[in-house]
1. Ranking Tyr76, Tyr25 by Cβ neighbours within 10 Å, fewest first, what do you get?
2. Sort 33-46, 81-94 by the packing proxy (mean of other Cβ within 10 Å over each peptide's residues), most packed first.
3. In debye to the nearest 20, how big a dipole does the range 26-113 give about its Cα centre with +1 on each Lys and Arg Cβ and -1 on each Asp and Glu Cβ?
4. Can you put Ile107, Ile96 in order, fewest other beta carbons within 10 Å first?
5. Relative to the compact-globule scaling 2.2 N^0.38 Å, provide the ratio for the alpha-carbon radius of gyration of the range 26-113.
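Only the coordinates and a few stated rules stand behind these numbers; no lab work does. As the structure is a computational prediction, the values presented were derived from the model and not from experiment. Methodologically, a virtual Cβ is constructed for each residue, glycine included, from the backbone with ideal geometry; neighbour enumeration extends over all protein chains shown.
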Amino acid sequence: MSRNRATNGIYRYSVNDRKMTSYQYVNSDYVGQSVAKTGATTYVTSGEIEKRNWNGHVRDSDGTRHYYRYLREASYKSDGGDSGGTVYWGNELRGIHTASNGIFSHIHYVNSKTPGAPKIN
């Protein structure tokens, strides 16, 4: 697949595995809400939102510390290599996995900082 081709699919095993049809509104998530994550290392895992306003430092693979704020923390399993994975529930796009221990960026903040929002049909 071309890197320039936009899609609304989550690729786990084939292009038809899951289609995203909506975005989650920024203030509609809540502690205890179910989420699932796709990742290259731990594949598909699920859990619940534990914190809606996570702030803290994360080290990348070369040891550089980065400070993040306004992230979500969930109980799904994640590990190095899962970053950039889709966080969703059903057909609703909820965020992008950012760091181990279930830390993800809400889709509202991803869209506000990224030119060209993810494609949703």
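1. Least to most surrounded, the residues fall as Tyr25, Tyr76.
2. 81-94, 33-46
3. My answer is approximately 220 debye.
4. Ile96, Ile107
5. The reported ratio for this selection is 0.99.
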